[in-house]
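To start, the structure under review is shown below, and the notes come after it.
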Amino acid sequence: MPTRLIRSVSLASLALVALASPTLAQTALPLAVANARAQAASPEAIAEYRYRLQQYQAARAEFDRDAEAYWNAIAEKRRIRNAKRRAGDQISSDDYVLVQPPVYTGPKRPVDPEPRPQPPGERRSLPVVADFVKAAGDYYQFTPQRPASELEFKRAYARVARAMGLTREQAVRVYAFETGGDGSYDMQSGLSKSRPGSRAISTAIGYNQLLTTNTLVLLAEQGNHILKVLNERAAALSGPQRKALEHKIGIVKRMVAMARSIPGNWSEHEKLGRTPQGWGVHALVLDIDVGPLLQTHKLLTSVIFARQKGYTEPLTAAELEMMNLTGDGTGFDMVTMPQELREIVPTSNFFQRSGYERNPVAIRHNTVAKLLAVTDARMDANSAKPGARELYAAF
């Protein structure tokens, strides 16, 4: 993954000196920084900083107490809703927290006039498509069969999605939302051909942005169906094509067994997804035969979940996206909510605190109705882009 490094001659020289002399790098430089701090920070500045820091810490502690109480109430209401849903009881507005989360409005953390030198943090790089493909070869002796063109993958996806019960509207609009309307089958979250030097922000790949964990969970849960479809295709072929697909089926069986070799919960699959063995399985998303099946199952599991819960109305693309983003149980809570509740229930009811505070869209569009509306609006805009129009035509 390319990175942009801008170095001056002096910085390069300093780096060479530091590499050649660990003692100089570790002791002389901090001493120079310490001397500079001592010269720059007056006693008055230090006293002012310490006073302001106490003010900040007191205000922040008060906010954290309020926030903890709020998010504890969110968790308790969620437990109540889940229990009522299991019992078949009606859920009402009383089962949600109807006020927005507290917002910190106190003083900002003051700048330390005596900053301590911090050791450089180790940046953990995420695996990218090339790493997934390499791991597939290393651990499974598998190279995904890539499409000859983007349109070939779109047509394969459309055939599978239509056959398995997804509507064109659901598939195209979710694609438009997840990829911006122009994403490729091997698009990875955070990486963009139009932004040189961009970095991956997750392992999510493809039209519906499957994480390594998604791929492993889908193989564990839907492996039998995927293998059934592949075997049916192989039976209709002959000669080298049949032999090649049968070889691929054998590899997929090994990957399914790998995905099922651990306890069937998200956290355990997430751990496996951080290993090269998990990366190799994720390469299946790129394969012209298996990738469309995984992409379709990613959405279809939410549709099936809603049906099993007794919800017979067709899911709109925005509702399906909510289940796709937040998980089936949480998304289903939003989907089944009547419009009058959607207008007043804060989006915070469907997040953990850490996830909510990292989600500016949910914060800005802070009720269920607003979040669904902005999702629909983004789908509308992105559905007009060439990639989405090409997928629409592929159906």
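In the stretch 221-249, the qualifying residues are those that are surrounded by 12 or more Cβ atoms within 10 Å (Cβ to Cβ) and of a type in the set (Gly, Ala, Ser), and the one that is farthest from His297 (Cα to Cα) is Ala244.
Consider Pro101 against the criteria (1) buried (at least 16 other Cβ atoms within 10 Å of the Cβ); (2) out of contact with any His (no Cβ under 9 Å at 6 or more places or on another chain); (3) not in a loop (DSSP other than H, G, I, E, B): it satisfies all of them except one. Which criterion is unmet? Checking Pro101 against (1) buried (at least 16 other Cβ atoms within 10 Å of the Cβ); (2) out of contact with any His (no Cβ under 9 Å at 6 or more places or on another chain); (3) not in a loop (DSSP other than H, G, I, E, B), the one that fails is (3).
With a requirement of 2 or more residues that are within 30 Å of Gly88 (Cβ to Cβ) and among the hydroxyl-bearing types (Ser, Thr, Tyr), the helices (runs of 4 or more DSSP H) lying completely within the stretch 256-327 that satisfy it span 291-308. Looking at Arg353, Arg389, Arg364, just one residue is free of Cβ contacts under 8 Å to residues at least 12 places away in the same chain, surrounded by 12 or more Cβ atoms within 10 Å (Cβ to Cβ) and of a type outside the set (A, V, I, L, M, F, W, C), and that residue is Arg389.
Do we have Ala83 as in a helix (DSSP H, G or I), of a type outside the set (D, E, K, R), within 33 Å of the chain's Cα centre (by Cα) and at pLDDT 95 or above here? In short, no. I need the full set of residues from the stretch 210-220 which are within 15 Å of Thr296 (Cβ to Cβ) and either part of a helix (DSSP H, G or I) or touching a strand residue (DSSP E or B) at 6+ places or on another chain (Cβ under 9 Å) (or both), in order please. Asn214, Thr215, Val217, Leu218, Leu219, listed by residue number.
Here Ala384 does not qualify as part of a helix (DSSP H, G or I) and over 20 Å from the mean Cα position of the chain (by Cα). The number of residues in the stretch 133-165 that are part of a loop (DSSP other than H, G, I, E, B) and either modelled with pLDDT under 95 or surrounded by fewer than 16 Cβ atoms within 10 Å (Cβ to Cβ) (or both) comes to 7. The number of residues in the stretch 288-315 that are more than 12 Å from Gly165 (Cβ to Cβ), in contact (Cβ under 8 Å) with a residue 60 or more places away in the chain and not basic (Lys, Arg) comes to 8. The single condition from (1) crowded, with 24+ Cβ neighbours inside 10 Å; (2) touching a Gly at 6+ places or on another chain (Cβ under 7 Å) that Ile201 fails is (1).
Based on what the data block shows, is Gly121 of a type in the set (Gly, Ala, Ser) and either in contact with a Lys or Arg (Cβ under 6 Å, 6 or more places away or on another chain) or modelled with pLDDT of 95 or more (or both)? When the stated conditions are applied, Gly121 does not pass them. Being under 17 Å from the mean Cα position of the chain (by Cα) and at negative phi holds for only one residue in Tyr356, Tyr311, Tyr392, and it is Tyr356.
The values are calculated or read from the model by the stated rules, or taken from the named source; none is laboratory data. Predicted, not measured: the structure shown is a model, and the values here were computed from it. Cβ atoms come from the backbone with ideal geometry, glycine included; neighbour counts cover every protein chain shown.
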